[in-house]
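First the structure, in the form of structure tokens, and then the observations on it.
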Amino acid sequence: MRFLSCLFLIFFSFSVVAQTASKEEQLASLNNYVYFTNESVHGLLIVHRLLENFNQKINKYVDLESNQFNFYSNKDLPRNLFDDPEQWFYDVSPYAWYELSITESTKLPSGLATSLNKDLEQLKSIITRVNAIRFELGVLTESKDLQERKNLDKIYSKLEECVTLYDNFNTIKEELKLKLIQGHQQLGFGETPKSKSVEALHENIRAFLAALKKGDPALLPELSQHLSNNIATAKQTIGNQPLISKANTLLGITKKIVSDDSFPQEYQQYGKAYYFYNIEMVSKTNRYGSGLIVDMNDYTKRTNEPALLLMEEPHFFKVIYPKKKVKVDKVETIASSGKLPNNVKGRQVIMRQNAIELNEPTFLLEISDHQLEDGDIVSINFNDRWILKEYTLKRKPLKVQLQLKPNRVNYLLLHAENIGTKPPNTAKIAYIYKGEKQVVLLSSDDQESEMIELKLGN
């Protein structure tokens, strides 16, 4: 009974604090989470540049040219980029904003505070792990023999972990943003007409970035035109603020993306979307670049409207793999005999596993790279016909619908067109049998190609 009474008193005290906090204090509490996120984005940029350099460094040990984008290393930076007690990069570090956010969350309703702090914990966990990986990569690249494939594999694996961490940061950041908007509404803050025009401009920029990252070029011309319209509307509402000029600079970049496919040679490996998103677009919005979002937030604060501040956009990271190729003669159709081939283009054909059993004659296969995406290029033959030729395996499955031929042996054959960073080339083949997803792995190198029989199950 005494325990329940204590719980009640704790809950009651939190409720009293939330009820007695002023609107200004509650708004400041909400915006603490925005400050934490934006400063974390700043730190993630610095690590992002280190990760690119690590990636370039190890690629040169295989066969890819190395382009060093920056000339600083771990030893030139604070031990923890997100704590930074000596204030190298922040007036207030992400870790300090984290502590303040937790402390000041008592001014919010307990349910809202609990939900926001859960996302906050996850974001802090991500940036802490990212900071640790930069040192793990430093040790691996400095003390290990990079001529040995097993050491390269460890490094690529950690780089791939960072791809996931950066993606997860963005996902959780979006969830946090939505909760802040909902909390802002629930707390009954009034209208913010001037800030709304700036917010609309910000959302338009975010939509363009999202389409660029997803590789959806069909949306970009329309979004670029919307940005032009929103800049004109914002200018009418707020006047000729400095942020309008910076937004127009960003508009010029969107027009270039729409009309011109050229970008620097050193980023050709990464692709157009990666370059324009990370180097051109985000650098024109976040505080370490031209600071458009900083200007937007400064304007919002000057209006004295009870508006939420705007979040900056984190970079996305991509691992670049070497593309060392094995010379292979042009692949031609296997002479059809209705029997399983023993040899394909001078390579022995191996059958190592039992047949793939299928529910129906017409079926769907999902073909993807096994584990890491490491540049494997393959051709796949189904019943004497090359259904894929010189295809680079991806982590995202490619779906192929096929149909068994009656009165003959049906087979699938994997033929390596190169040797990636982790030979042999291995393809993951997924399919549905009796309502459950099944997976088989096929492998091939410059000596052997693997084949598997396909047949209707019992």
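The values are calculated or read from the model by the stated rules, or taken from the named source; none is laboratory data. It should be emphasised that the depicted structure is a prediction, and the values quoted were computed from it without experimental measurement. Neighbour counts are summed over all protein chains in view; Cβ atoms, including those assigned to glycine, are modelled from backbone coordinates with ideal geometry.
Tell me yes or no: at least one residue of region 142-153 is part of a helix (DSSP H, G or I), aliphatic (A, V, I, L, M) and loosely packed, with under 15 Cβ neighbours inside 10 Å.
Going residue by residue through region 142-153, those that are part of a helix (DSSP H, G or I) are 142-143, 149-153.
In the following step, the residues that additionally are aliphatic (A, V, I, L, M) were identified as 152.
Next cut, loosely packed, with under 15 Cβ neighbours inside 10 Å only: none.
There is no residue in region 142-153 that is part of a helix (DSSP H, G or I), aliphatic (A, V, I, L, M) and loosely packed, with under 15 Cβ neighbours inside 10 Å.
Of these, LEU393, LEU454, which one is modelled with pLDDT of 85 or more and under 19 Å from TYR156 (Cβ atoms)?
Details: LEU454 fails: under 19 Å from TYR156 (Cβ atoms).
It is LEU393.
Can you say whether GLN438 is surrounded by fewer than 20 Cβ atoms within 10 Å (Cβ to Cβ), under 28 Å from the mean Cα position of the chain (by Cα) and of a type outside the set (Val, Ile, Thr), as far as the supplied structure shows?
Values: surrounded by fewer than 20 Cβ atoms within 10 Å (Cβ to Cβ): yes; under 28 Å from the mean Cα position of the chain (by Cα): yes; of a type outside the set (Val, Ile, Thr): yes.
Taking the combined requirement at face value, the residue satisfies it.
Identify, please: which residue in region 180-198 is of a type outside the set (Gly, Ala, Ser) and crowded, with 17+ Cβ neighbours inside 10 Å and is, among those, farthest from GLU25 (Cα to Cα)? It would help to see each step written out before you state the result.
Going residue by residue through region 180-198, those that are of a type outside the set (Gly, Ala, Ser) are 180-182, 184-187, 189, 191-194, 196, 198.
After this cut, where a residue has to be crowded, with 17+ Cβ neighbours inside 10 Å as well, the list is 180, 184, 187, 189, 192, 194, 198.
Numbers: LEU180: 15, HIS184: 12, LEU187: 12, PHE189: 12, THR192: 18, LYS194: 21, VAL198: 23 Å.
Here the residue is VAL198.
When you scan region 374-408, how many residues do you find that are on the phi > 0 side of the Ramachandran plot and either in contact with a His (Cβ under 7 Å, 6 or more places away or on another chain) or in a strand (DSSP E or B) (or both)?
At the first step, the residues of region 374-408 found to be on the phi > 0 side of the Ramachandran plot are 375, 383-384, 390, 407.
Right, trim to either in contact with a His (Cβ under 7 Å, 6 or more places away or on another chain) or in a strand (DSSP E or B) (or both) and you get 390.
Matching residues across region 374-408 total 1.
State which residue is surrounded by the most Cβ atoms within 10 Å (Cβ to Cβ) when the search covers only region 74-95 and only residues that are within 26 Å of the chain's Cα centre (by Cα) and assigned to a helix (DSSP H, G or I).
Narrowing region 74-95 to residues within 26 Å of the chain's Cα centre (by Cα): 74, 77-84, 89-90, 93-95.
Narrowing further to those that are assigned to a helix (DSSP H, G or I): 74, 94-95.
On the way: ASN74: 17, PRO94: 28, TYR95: 21.
If we take residues in region 74-95 being within 26 Å of the chain's Cα centre (by Cα) and assigned to a helix (DSSP H, G or I), then PRO94 is surrounded by the most Cβ atoms within 10 Å (Cβ to Cβ).
Name the residues in region 200-212 that are touching a residue at least 60 places away in the same chain (Cβ under 8 Å) and surrounded by 18 or more Cβ atoms within 10 Å (Cβ to Cβ), would you? Step through it out loud before you land on a result.
Within region 200-212, the first condition is being touching a residue at least 60 places away in the same chain (Cβ under 8 Å), and the residues that meet it are 201-202, 205-206, 208-209, 212.
Of everything in region 200-212, those that are touching a residue at least 60 places away in the same chain (Cβ under 8 Å) and surrounded by 18 or more Cβ atoms within 10 Å (Cβ to Cβ) turn out to be LEU201, HIS202, ILE205, PHE208, LEU209, LEU212.
Among (1) among the hydroxyl-bearing types (Ser, Thr, Tyr); (2) farther than 28 Å from SER40 by Cβ; (3) under 28 Å from the mean Cα position of the chain (by Cα), where does SER143 come up short?
(3)
Looking only at region 379-387, decide whether some residue is more than 26 Å from SER157 (Cβ to Cβ) and of a type in the set (Lys, Arg).
Yes - at least one qualifying residue is present in region 379-387.
I need the full set of residues from region 268-308 which are assigned to a loop (DSSP other than H, G, I, E, B), farther than 15 Å from VAL34 by Cα and among the charged types (D, E, K, R), in order please.
Passing the criteria: only GLU305.
I'm told ASN31 meets every condition in (1) modelled with pLDDT of 95 or more; (2) touching a helix residue (DSSP H, G or I) at 6+ places or on another chain (Cβ under 8 Å) except one. Can you identify the failing condition by its number?
The failed condition is (2).
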